[in-house]
Amino acid sequence: MAAERGRPLGEKGVTEPGQGEEAARREAGKRRADAFRAEYGERGDPFGWFEACYRAADGDAAFVPWGHAVARRELLDWLERLPAARRKGRALDIACGLGDNAAALARAGFAVTAFDVAPTAVRWARERFADLSIEWRCANLLEPPPEWEGAFDLVNETYTLQAMRPPHRQQAISLLPRFLAPGGTLLVIARARHEDEPENPPPWPLLRRELAPLREEGLEEIRFEDFMSPREGGEIRHFRVEYRRP
């Protein structure tokens, strides 16, 4: 499944890797994100720095460290092998950011609801993918709308947990099963590490044992993958785990 890009936002739009000074802007965005994370952490607001990053980017995705303006290849690979009969129903895309993963789900055949805690990200995504019938919402994963409980056939959690620290990560993991309808699928994709590997923040890679509460909540682990995913300058360990609610 080929990655498809969305429509740009405003004059600056989105940038593609390797264009002009994109690499320098991305490094500047990382430094700014670190500063925002520290600032909002001191305020006792663990998630406010996301909105600060999107607003400061001013329409240029290169200034959003995770804003590559293309769906994650780890999700696209999973969708590629998903049988056509399962590419239907309602899907929830968690922490949608610029919206590329949500768009990939919609193009695969799902009726998608996508949300993010950052209002600027939601507006950005809505404008980029105005041609797709996606429900865009501003919401906090830790305080989800009650109508989402048991409402989705697929829940996509890609790269959100790795951006969270305890105790919020554990709280988020415990909430994920609640979104699933009977027979629904939860997909978790994250940077990962083994017990003997260092935690190099940020993002903070997951340990497999951190996902154990999902099985304790009654989900069946259908497939667990521990693999190296190519990146510029090397490879990064990932987990891709598929769960099912009986």
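Each reported figure results from applying straightforward, stated rules to the coordinates on display, with no laboratory input. Since this is a predicted model, take the numbers as computed values, not measurements. For neighbour counting, all protein chains shown are included, and Cβ atoms are generated from backbone atoms with ideal geometry for every residue, glycine included.
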Give me Asp100, Asp153, Asp196 ranked fewest to most by other Cβ atoms within 10 Å of their Cβ, as a rough exposure proxy.
-> Asp196, Asp153, Asp100
Spin-label model distance (nm) - Arg231 vs Asp34, 7 Å beyond Cα toward Cβ = 1.5 nm
Could you pull out which residues in segment 179-204 have an amide N less than 19 Å from a spot 7 Å beyond the Cα of Arg165, following the Cα-Cβ vector?
-> 191-193, 198-204
Filter the GluC sites (Glu not before Pro) in segment 137-246 to those in DSSP coil with at most 11 other Cβ atoms within 10 Å of their Cβ, and list the result.
-> Glu195, Glu199, Glu232
Interchain or sequence-distant (5+) residues whose placed amide H lies within less than 5 Å of the amide H of Glu217 are none
Percent of Cα-Cα pairs per 10 Å bin, from 0 to the last occupied bin, for segment 180-246, please list those.
-> 20, 48, 25, 8, 0
Hey, what number do you get for the chain at 222 nm if only DSSP H runs of n ≥ 4 count, each worth -39500 (n - 2.57), divided across all residues, to the nearest 500?
-> -8500 deg cm²/dmol
Most mobile listed residue (Gly41, Gly234, Gly89) in the chain, GNM with C-alpha springs under 10 Å | Gly234
To the nearest 0.05, how large is the calculated FRET efficiency for Lys88 and Arg208 if R₀ is 30 Å and r is the Cβ-Cβ distance?
-> 0.50
Which FRET efficiency value, to the nearest 0.05, do you get for Glu42 and Arg215 by plugging their Cβ-Cβ distance into 1/(1 + (r/R0)^6) with R0 = 30 Å?
-> 0.25
Once you list every other residue whose beta carbon is under 9 Å from the beta carbon of Glu220, what net charge do they have if Lys and Arg are +1 and Asp and Glu are -1?
-> +2
Would you kindly give the portion of the calculated P(r) for segment 131-189 that falls above 16 Å, as a percent of all Cα pairs?
-> 49 percent
Positive end of the charge dipole of the chain (Lys, Arg +1 and Asp, Glu -1 on Cβ, about the Cα centre): tell me which of Ala57, Ala106, Tyr159 has its Cα farthest that way.
-> Ala106
Got a sec? How would Arg191, Arg126 order by Cβ neighbour count within 10 Å, fewest to most?
-> Arg126, Arg191
Hey, what D do you get for the chain in µm²/s if you plug the Kirkwood alpha-carbon radius into Stokes-Einstein at 25 °C and 0.890 mPa s?
-> 134 µm²/s
